[in-house]
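The values are calculated or read from the model by the stated rules, or taken from the named source; none is laboratory data. These figures come from a predicted structure and were not determined experimentally. Note that we place each Cβ from the backbone using ideal geometry, even for glycine, and neighbour counts take in every protein chain shown.
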Amino acid sequence: MTAQLRQTAAACPACVAAPAQVAEPAVQDARIALSLPGIHCQACIANVERALNAVPGVDSARVNLTLKRAQIEAVPDMQADQLIGVLEQAGYEAHELDPGALSATQTDKAGRDLLMRLAVAGFASMNVMLLSVSVWSGASDATRDMFHWISAAIALPAIAFSARPFFVNAWSALRVRRLNMDVPIVLAIGLALVTSLWETSLSGEHAYFDAALTLTFFLLAGRYLDHRTRAVARSAAEELAALEVHRAVRLTEAGEEQVAVADLAPGDLVLVRPGGRMPVDGEITEGRSELDRSLLTGETLPVYAEPGLSVSAGEVNLTGPLTVRATAVGQETSLHRMADLVAIAESGRSRYTSLADSAAKLYAPGVHILSALSFLGWYLYSGDLRVALNIAAAVLIITCPCALGLAVPAVTTAASGRLFRKGMLIKHATALERLAEVDTVVFDKTGTLTAGTPELVNLVDIPLRVAQIALALAQASSHPLSVSIASAATKAGIVPVEITDIEEVPGFGTQGVFEGQRVRLGRGAWVGAEPGTQTAAWLAIGSETPRAFLFHDALRPGAAEAVTALQRAGKDVRLISGDTRPAVEALADRLGIKIWQAEALPEDKAQRVRDLTDQGHKVLMVGDGLNDTAALAAAHVSISPASALDAARVASDIVLLGHDLSPLADACATAQKATRRIRENFRIATVYNVIAVPLAVAGFATPLIAALAMSASSITVSLNALRLR
Amino acid sequence: MNILTYLIPISLLLGGAGLLGFIYTVRSNQYDDPEGDARRILSDEWDDQPKP
């Protein structure tokens, strides 16, 4: 809808000048969505839009600063890469988003619906409250009756429209013979309306139309807050998913063609370029290269790939182009089969009951029994059905969980907002409450505590001449180890020597000729050296003994701080990795983690987490790889970085958006504070009830007292929640 | 008290107008980019003529 509106608006001044020239394009325009993480001000909006509109073929471009996105309408053959290049020249980082995965956020129908109901309830309750104030301040007889009737005329349709979500929820709970928070709400609203109508028709003194409407308004406000928090999280999570544009290159007899991964079939030949991720499970038919399997197994050492080797979806091709014959695609791939493991592990988690639910379980029957008892008591005492019903309604309205309905959403909204600003995305509704209970933290190594990029460690031990040769060779390759050598050597001020005939041998390394001698930088076995356990690249100059360049995995920024802060907060920090013993041990020493486990299979990880849970620990799992997904789902609460595989992000409750790990410890503290606030809010609501309920039962409650108690408790609860920001 | 015959409908009408206005803003996507819209007004790019 937005697009159409914009298009007509864009065409308008032109229509006046030359209406004949304006023609609708015959072919469907390309709609491109870009994520722009770096924009932050009005100048950025103007620059980005100017740069994009200047590209020939772009019809319109509009930046959304709130979502940090740009929507572009362009001619059908426009490629996103071209626009990304333009923006990079203008100095803005841009990533393509898959428009299909984003469609759900653009029409946030449910949110709009709630907002509309909230507006109607707000409007109606203000008007009715105005009339009620005149009644409280002394309107009597015919005037009072008229005010009551007008209130009824406003309240009945307004409630029929705006309280619909409560009716629907209560009905669906009652149908399966269960009670939820909505049942007392609906009962209170319904009973209030019925008794008020009855009273009004008998020109009685007390009508509760205002109470019924304010109740609806406050409760809807709680629902809306709740919905917004989740919508923000969902939209950010969708954006992460949309960042992975699933395309593959299929080789056919006609040549290469770009297709969506979903369109691949077993038996297809797929070309995977260096740096690309395997879209399917399959077998290599052509090409030599190295594969990075760290996301799947946690191993940091790249694996040599040659024809005949089986590959799994999710592995990253490092050096040479590979042709893969697909054996399993889509849901059949090993990547998706892991989902079964996750489903099994997740069944354990659904046992968690949120604070709000357990409060409701205590609360709902109590309220009903209290109200029924006061009805019975007054009926037996006075024998007057009208009086008894009036009092029962008053009890229900005063005890109605208005503050309870606000207590949790207000706090979670405030806490999630605070964590979101720190780069954490709360995906699950009860994740904060669970995070607050955590006493054991289990980390994965590769890609979580480490950045997954190698770092050269022994440059100082290497003679200058050797380093210069290595630099010259390394600059010719895009292999991660070469890139690391090149950046480390350049930083140390080393100048490369002149090397001729440089060529990259995919899967092995780079070679060239230096002063008549052949020089090779690459795998140990290729240059004639004995490979060790540590990640290494070897340089052979002619027939000299090869020299090793040793690497370790660079720590993710904030990893050390996060581990120390968690330990200081009294949490038991552990490390479980699928990588080899020495690598894991070295990292554990570096970070001061005492309990660690290496060479763990995915099932081992999940089992370990389950064991800890059985021992009564509440486990927080932090991981990113496919081998972590089962453990992530089995843990009490789980966090994964944004760089994690889709499957891992789906399995975890919280996603870390930035590169930095340090917000972790703070998140635990915030979560604890949030749960404390929720409990405080429950207590505040209870105190109000303890004061107001005896009044109601004794028959002293007037609509004025009900309105005061309700508004005061709702406002106190919201203010208490806002202290968290 | 006869004045109420006018005042109550008037107050309802005014409130209703506000409600309709709000519903219009929701339906025309005016809350999609609150931050960007707040900033766009600071740019002087389309001050001389409206955006074509």
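When you scan region A:41-60, how many residues do you find that are facing chain B (nearest Cβ under 9 Å) and without any contact (Cβ under 8 Å) to a residue 12 or more places away in the chain?
Adding up the residues that qualify gives 5.
Against the condition outside the structural domain of A:ASN627 (by TED's automatic domain parsing), surrounded by fewer than 21 Cβ atoms within 10 Å (Cβ to Cβ) and in a helix (DSSP H, G or I), how does A:SER718 come out, does it pass?
no
Can A:VAL387 be described as surrounded by fewer than 24 Cβ atoms within 10 Å (Cβ to Cβ), within 30 Å of A:GLY204 (Cα to Cα) and not charged (D, E, K, R)?
So A:VAL387 fits the description; yes.
So, in region A:264-317, how many residues would count as being modelled with pLDDT under 80, closer than 20 Å to A:ASP553 by Cβ and either assigned to a loop (DSSP other than H, G, I, E, B) or in the same structural domain as A:THR510 (by TED's automatic domain parsing) (or both)?
Result for region A:264-317: 8.
Considering each residue of region A:61-83, count those that are surrounded by fewer than 18 Cβ atoms within 10 Å (Cβ to Cβ) and more than 9 Å from chain B (Cβ to nearest Cβ), and give that number.
Counting residues in region A:61-83 that are surrounded by fewer than 18 Cβ atoms within 10 Å (Cβ to Cβ) and more than 9 Å from chain B (Cβ to nearest Cβ) gives 6.
Hey, A:ILE485 hits all of (1) in contact with a Pro (Cβ under 8 Å, 6 or more places away or on another chain); (2) closer than 26 Å to A:LEU587 by Cβ; (3) among the hydrophobic types (A, V, I, L, M, F, W, C); (4) touching a residue at least 24 places away in the same chain (Cβ under 8 Å) but one; which does it fall short on?
(1)
Kindly indicate whether B:ILE23 is within 22 Å of A:ALA119 (Cα to Cα), in a helix (DSSP H, G or I) and over 18 Å from the mean Cα position of the chain (by Cα).
So B:ILE23 fails the test.
Within region A:472-564, which strands (runs of 3 or more DSSP E) (wholly inside it) include 2 or more residues that are at pLDDT below 85 and under 30 Å from A:ILE639 (Cα atoms)?
A:547-555
Suppose the filter is within 30 Å of A:PHE147 (Cα to Cα) and facing chain A (nearest Cβ under 7 Å); does B:ILE3 pass it?
no
Examine region A:86-99 for a residue that is more than 19 Å from A:GLU199 (Cβ to Cβ), away from every other protein chain (no Cβ under 14 Å) and among the aromatic types (Phe, Trp, Tyr), and state whether such a residue exists.
Yes, region A:86-99 contains a residue that is more than 19 Å from A:GLU199 (Cβ to Cβ), away from every other protein chain (no Cβ under 14 Å) and among the aromatic types (Phe, Trp, Tyr).
Which condition from (1) more than 10 Å from chain A (Cβ to nearest Cβ); (2) loosely packed, with under 10 Cβ neighbours inside 10 Å; (3) modelled with pLDDT under 85 is the one that B:GLN30 breaks?
All conditions pass for B:GLN30, except number (2).
Kindly establish whether A:ARG228 is surrounded by 15 or more Cβ atoms within 10 Å (Cβ to Cβ), of a type in the set (Lys, Arg), assigned to a strand (DSSP E or B) and at negative phi.
Spelling it out, it is not the case that A:ARG228 is surrounded by 15 or more Cβ atoms within 10 Å (Cβ to Cβ), of a type in the set (Lys, Arg), assigned to a strand (DSSP E or B) and at negative phi.
Only one of B:GLY16, B:GLY36 is within 9 Å of chain A (Cβ to nearest Cβ), in a helix (DSSP H, G or I) and surrounded by 14 or more Cβ atoms within 10 Å (Cβ to Cβ); which?
Of B:GLY16, B:GLY36, the one residue that is within 9 Å of chain A (Cβ to nearest Cβ), in a helix (DSSP H, G or I) and surrounded by 14 or more Cβ atoms within 10 Å (Cβ to Cβ) is B:GLY36.
For A:ALA163, work out the one condition from (1) closer than 28 Å to A:ASP357 by Cα; (2) at pLDDT 85 or above; (3) within 14 Å of chain B (Cβ to nearest Cβ) it doesn't fulfil.
Looking at each condition in turn, A:ALA163 falls short on (3).
If only one of A:GLY558, A:GLY524 is buried (at least 17 other Cβ atoms within 10 Å of the Cβ), among the small types (Gly, Ala, Ser) and in contact (Cβ under 8 Å) with a residue 60 or more places away in the chain, which one is it?
A:GLY558
Counting residues that are of a type outside the set (A, V, I, L, M, F, W, C) and modelled with pLDDT of 80 or more, which helices (runs of 4 or more DSSP H) fully inside region A:578-696 reach at least 3?
In region A:578-696, the matching helices (runs of 4 or more DSSP H) lie at A:581-591, A:602-614.
Of the numbered conditions (1) exposed (fewer than 14 other Cβ atoms within 10 Å of the Cβ); (2) in a helix (DSSP H, G or I); (3) hydrophobic (A, V, I, L, M, F, W, C), B:TRP46 satisfies every one except a single condition; which is it?
(2)
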